[in-house]
1. If we only count helices (runs of 4 or more DSSP H) wholly inside region 293-398, which ones have 2 or more residues that are touching a Phe, Trp or Tyr at 6+ places or on another chain (Cβ under 8 Å) and either within 12 Å of the ligand (Cβ to nearest atom) or over 28 Å from residue 186 (Cα atoms) (or both)?
2. State whether one or more residues within region 112-131 are within 10 Å of the ligand (Cβ to nearest atom), among the acidic types (Asp, Glu), over 23 Å from residue 439 (Cα atoms) and touching a helix residue (DSSP H, G or I) at 6+ places or on another chain (Cβ under 7 Å).
3. So which of 46, 57 ends up being of a type in the set (Phe, Trp, Tyr) and in a loop (DSSP other than H, G, I, E, B)?
4. Taking only region 354-402 into account, find how many residues are among the charged types (D, E, K, R), buried (at least 16 other Cβ atoms within 10 Å of the Cβ) and either more than 25 Å from the chain's Cα centre (by Cα) or not assigned by TED's automatic domain parsing to the domain that holds residue 327 (or both).
5. Looking only at residues in region 155-197 that are acidic (Asp, Glu) and either over 25 Å from the mean Cα position of the chain (by Cα) or at pLDDT below 95 (or both), which one is nearest to residue 462 (Cα to Cα)?
6. Run down 147, 222, 163, 191 and say which single residue is away from the ligand (no atom under 16 Å from the Cβ), in contact (Cβ under 8 Å) with a residue 60 or more places away in the chain, on the phi < 0 side of the Ramachandran plot and touching a Pro at 6+ places or on another chain (Cβ under 9 Å).
7. Can you list residue pairs whose Cβ atoms sit under 7 Å apart, with the first residue in region 447-476 being not assigned by TED's automatic domain parsing to the domain that holds residue 346 and the second being modelled with pLDDT under 95 and within 9 Å of the ligand (Cβ to nearest atom)? Count only pairs 6 or more apart in sequence or on different chains.
8. Here are some conditions: (1) at pLDDT 95 or above; (2) assigned to a helix (DSSP H, G or I); (3) of a type outside the set (Val, Ile, Thr). Residue 143 meets all but one. Which one does it not meet?
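The values are calculated or read from the model by the stated rules, or taken from the named source; none is laboratory data. Keep in mind that this is a model prediction, so the values were computed, not measured. Glycine gets a Cβ as well: all are built from the backbone with ideal geometry, and neighbour counts include every protein chain shown.
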Amino acid sequence: MELQSLTGAAHTLQTFGIASVVFVLLWFLPRIRLEARLRKLPAYVYEDSGKKTATTYMTSAKRIYIAGYNKFKNHVFRISTNESIDTVVVPVKFLPELRKLPDSVLSFPEAVADLLHTKYTKISTDEPISAHVAKADLTPALARLNPIIDEEVEQAMAEEMPPCEDWTEVYIYMKLVNAVAKVSGRVFVGPELCRNKEYLDAAANYTLDLISAQRKISEIKPWQRPFLAPRLKEVKQLRIREEKAKEILEPVVNARREAEKNDPTYKKPDDMLQWLMNRGSDYGRDSIESLAKVQLGLIFAAIHTTTLTATNILYTMAERTEYIQPIREEIRQAMADNDGVMTYRALQQMEKLDSFMKETMRFYPPGFTSFNRKVLRGFTLSNGQYIPAGVTIEVPSHAVYQDSSNYPDGDVFDGYRFYKLRQQGGAQNHARNQFVTTNETNLAFGYGRHACPGRFFASNEIKMMLARTLLEYDFKLPEGVTERYPNQEFGRSTSPDAAKPLLFKKVKA
Ligand code: HEM
């Protein structure tokens with residue numbers, strides 16, 4: 001009897017053991033297979049201890065991508081990041097073939113979803129209506145909207161900047177983020193809401209909220225995330241933002257819909273909110289809730305990217321003050337040629353300014369990599385290398401920007417680099433050297449089908465803010481600061497240090 005029950009127990013244990021092994025295998029097998037496939041790609045190893053890798057990556061990604069690029073140059077390699085699976089770094093020579101792959105093979109929204117931990121932050125990264133409206137409605141509207149945008153820029157800068165009768169310390173990032181929120185708000189949500197306190201608070205702070213939630217989740221061990229992440233106050237804050245955005249938008253959207261229905265003389269407003277409302281039903285984005293989410297997505301895509309780019313340019317020019325006067329002269333001339341109005345043509349004429357903006361972006365891009373895409377279906381590159389499903393690929397854009405075979409004397413800052421190339425004449429020189437250009441060696445706005453559709457608006461807005469600043473102020477680094485403020489690095493992202501001041505003084509007429 002005893003022997004029988006012992007055998008029974010052994011049998012149960014055996015069954016349980018086999019079931020556990022099967023369960024573990026089923027759970028881990030895809031992962032083991034993926035790792036085995038990844039191991040066929042060469043690795044750039046920068047740290048021999050696995051534990052330290054994530055920390056080193058978070059603080060030194062710029063150096064790591066440059067070193068990996070210099071070692072592998074035209075070859076695919078993989079590196080460890082702060083995530084649990086290696087990232088595949090692809091040289092730009094493959095970009096023309098990669099851009100042809102459909103979204104069902106290489107996905108931009110899925111790559112962003114992974115980066116932002118959408119499983120826990122519950123935000124939507126797949127909103128094709130945003131890119132469509134930016135391309136089909138916003139960019140073509142810029143010529144007619146420019147005077148309105150410039151008016152907003154002038155008003156916002158006047159509200160944000162102190163008098164600066166003498167040299168005055170200004171924390172310019174903070175000023176710019178508020179100005180960008182107001183100016184972009186005029187275009188995104190229209191005149192009714194662009195000065196609404198709650199909207200402006202969301203515009204200036206939603207991105208910070210989302211990044212805080214993303215960082216907090218990254219700090220939690222992956223297996224603990226399902227239990228701990230939903231309880232984070234940073235994640236709850238995102239839901240509060242969504243509720244607030246809905247509350248703010250609801251009366252405006254309802255009033256517009258009512259007017260459209262009942263007033264035959266009603267003229268629809270010329271702004272993003274209206275364009276989103278016009279196209280909402282094509283994308284199943286008619287409800288106030290989805291309009292609010294799309295607006296928050298736009299805030300995330302537009303406000304801090306624009307602000308950090310403008311700040312980078314001012315920090316760089318404050319160190320290189322010899323550029324201020326010639327660029328100011330160019331702006332004055334462009335304005336004089338266009339009856340004092342910041343028209344599309346006037347902005348086009350500001351070629352030195354455009355060049356300085358582009359060269360700053362080459363040195364201080366918002367990220368060290370570009371074309372981040374999640375591989376949904378494995379595929380084979382033209383050189384025969386297999387890229388398995390489940391990994392994320394990216395190109396080492398900052399390393400490409402610093403490579404002297406792409407940009408002669410790549411490590412030297414030349415604010416007129418692109419101006420000089422444009423001066424050589426020819427349609428190609430003109431097209432390939434603008435701030436908004438995207439191609440295999442101009443990657444700050446991404447590449448291919450998903451390249452930033454808001455870049456034409458961003459370029460105009462930044463140019464107007466800089467032009468107004470240069471016309472009105474001299475600026476420089478504070479006494480005793482001899483070098484440009486270094487940018488802060490967080491893995492593959494980087495931004496100027498918002499807690500640093502510049503000195504501003506009104507230009508005497
Ligand atoms: C200087 C400012 C900006 C920078 C540096 C920037 C950069 C980028 C980058 C790198 C991407 C990803 C592209 C890719 O991976 O191929 C992107 C996508 C996007 N950007 Fe921008 N952006 C800026 C301003 C804006 C503005 C002002 C808007 C809105 C009007 C905007 C709307 C978008 C949208 C909707 C996408 C997603 C495109 C898609 O899903 O196809 N961006 N941006």
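1. In region 293-398, the matching helices (runs of 4 or more DSSP H) lie at 351-363.
2. Of the residues in region 112-131, the ones within 10 Å of the ligand (Cβ to nearest atom) are 112, 125-131.
Next, only the ones that are among the acidic types (Asp, Glu) stay: 126-127.
When the remaining residues are screened for being over 23 Å from residue 439 (Cα atoms), the result is 126-127.
Now narrow it down to the ones that are touching a helix residue (DSSP H, G or I) at 6+ places or on another chain (Cβ under 7 Å): 126-127.
Yes, because at least one residue in region 112-131 is within 10 Å of the ligand (Cβ to nearest atom), among the acidic types (Asp, Glu), over 23 Å from residue 439 (Cα atoms) and touching a helix residue (DSSP H, G or I) at 6+ places or on another chain (Cβ under 7 Å).
3. 46
4. 3
5. 159
6. Values: 147 fails: touching a Pro at 6+ places or on another chain (Cβ under 9 Å); 222 fails: touching a Pro at 6+ places or on another chain (Cβ under 9 Å); 163 fails: touching a Pro at 6+ places or on another chain (Cβ under 9 Å).
The match here is 191.
7. none
8. (1)
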